[in-house]
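Q: Take a look at this one; I'll ask things after.
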Amino acid sequence: ESLVRTFTPFYFLVEPQDVLAVRGASVVMNCSAHCDSPPRIEWKKDGTFLNLVSDDRRQLLPDGSLVISSVVHSKHNKPDEGYYQCVATVDSLGTIVSRTAKLTVAGK
């Protein structure tokens, strides 16, 4: 008897793109992953996972996209500018990581 292992598709439908944000405005980094069982979406900025639970400016949308409201950018504080990656995990399958998208903040 042969054991048939079915391949479960798990891939990104949308990956984040480089974006130019305006200070004080909101910006969306798009991400959406497809799988039979819904993936858990997390975001990395500059290689470090963002803790969105206690974050009042960054929010995860139902589709996995990241919204940053009122982008902060000053000479000495640039918390939003940087390199973002979307990380999708399905426990039984593993983790996939999106392309790296650069967020640049425009000067006034």
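The values are calculated or read from the model by the stated rules, or taken from the named source; none is laboratory data. Quick caveat, the model's predicted, so the values are computed rather than measured. Note that we place each Cβ from the backbone using ideal geometry, even for glycine, and neighbour counts take in every protein chain shown. Keep in mind that these areas ignore ligands, DNA and RNA; they rest on the heavy atoms of the full protein, side chains included. Shrake-Rupley method; radii C 1.70, N 1.55, O 1.52, S 1.80 Å.
Q: Relative contact order (percent) for the chain, with alpha-carbon contacts under 8 angstrom and 6 or more residues of separation?
A: Taking the mean separation of contacting Cα pairs over the length of the chain, I get 34 percent.
Q: Relative to the Cα centre, what is the charge dipole magnitude of the chain, using +1 at the beta carbon of each Lys and Arg, -1 at the beta carbon of each Asp and Glu, and rounding to the nearest 20 debye?
A: Dipole size: approximately 560 debye.
Q: Just to check I understand the Karplus step: with θ = phi - 60° and J = 6.51 cos²θ - 1.76 cosθ + 1.60, what whole-Hz values come out for the stretch 21-33, glycine and proline as x?
A: For the stretch 21-33, the Karplus curve yields 9, 10, 4, x, 8, 9, 9, 10, 9, 7, 7, 8, 10 Hz.
Q: Give a quick list of chymotrypsin sites (Phe, Trp or Tyr not before Pro) in the stretch 7-108 that DSSP marks as loop, anything other than H, G, I, E or B, with at most 12 other Cβ atoms within 10 Å.
A: Answer by residue number: PHE7.
Q: Of the heavy-atom accessible surface of the stretch 18-73 (probe 1.4 angstrom), what whole percent is carbon and sulfur?
A: Roughly 51 percent, rounded to a whole number.
Q: Moving on. Looking at [x] 47, 21, 9; [y] 30, 16, 10; [z] 32, 12, 11, which value of semi-axes √(5λ) of the Cα gyration tensor in Å comes from a calculation on the structure shown?
A: [z]
Q: Going 7 Å from the Cα of VAL97 toward and past its Cβ, which residues in the stretch 48-75 have a backbone nitrogen under 15 Å from where you end up?
A: 48-50
Q: Using the heavy atoms of the protein chains and a 1.4 angstrom probe, tell me the accessible area per residue for the stretch 18-106 in square angstrom.
A: For the stretch 18-106, the solvent-accessible area averages 55 Å² per residue.
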